[in-house]
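All remarks here apply to the structure that follows.
What follows is calculated from the coordinates using simple rules that are stated; it is not laboratory data. All values reported here derive from a predicted model rather than from experimental measurement. All Cβ positions, glycine included, derive from the backbone under ideal geometry; neighbour counts span all protein chains shown.
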Amino acid sequence: MRKITAAFSLLIITAFAQAQGLGSDARSAGRPVAMSRLPDIPDDETVRIKFLNQEWAPGKVTFKNGAPDMKVPLLFDEFGEKLYYLQGGTTMEFNNPIASFKILLLIKGDSTYVTFRNGFAPIHKNTGETFYQVVVDGKFQLLKCKAKTIALYKDEVPEEQRKESIKELMYAVFPDGQIVIIKKDKDYLYNLPKYGDTIRQLAESKKLKLKQEKDIVELFEYLNEQ
């Protein structure tokens, strides 16, 4: 089929308008419609908000003992380190030890599976059973974890204050298995044992300021590309 040229299209439109008793300019006499305001992007969902609101989310659970994976609706109590699933309208706990799970959350307006994993070396008050959110996976892993405080467990503490007492920390797991806390500070990162020089060279070559979380995420993505 041949392409219809713009001139030929205009001729057809004009002929049609005249046949209908309309002027050739009638095609442009329509009333403009005001553009409606684009909807706001909702706030990112978190496992904590889901748990407080008792909103189940689709998920997938992997076990340490090789038991078959389970795809079930999940709720995660990140401070109690408890993962629950829904079965026939009943809230259930897992019998098999959990290695990792993925849960569907709304992030930046898109539905995204967020991964949580345990089994890392103990650090601070965290044990091998502590679940971390996996931000960057690979040889160099970037993790997030909520710090636990006594205030979270006191009923008399208002919800607003509980939110303020929650601190999210970043950790890294390096190829040799060591886990370290990560700070948004060049001097700190450049002096990390064994990997500080590598981080310095990479940050300088990629012009990363390392002052924001997105810079840290990029750094670890680049580390895994080496």
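Before moving on, here are some points about what is shown:
- Derived scalar couplings between HN and Hα for region 89-96 equal x, 10, 7, 10, 9, 7, 8, 7 Hz in order, rounded to whole Hz, by the Karplus curve 6.51 cos²θ - 1.76 cosθ + 1.60 (θ = phi - 60°), x for Gly and Pro.
- Using the Cβ-Cβ distance between Lys139 and Ile107 with R0 = 22 Å, the FRET efficiency computed as 1/(1 + (r/R0)^6) comes to roughly 0.35.
- Difference of contour (0.36 nm per residue) and Cα-Cα distance, Gln87 to Asn191: 32.5 nm
- Phi-based couplings in Hz for region 197-202 (Karplus 6.51, -1.76, 1.60; Gly and Pro marked x): 5, 4, 5, 4, 4, 5
- Ranked packing of 47-55, 87-95, most packed first, by mean Cβ within 10 Å: 47-55, 87-95
- The Thr198 and Glu168 beta-carbon pair, evaluated with R₀ = 30 Å, returns a calculated FRET efficiency of approximately 0.75.
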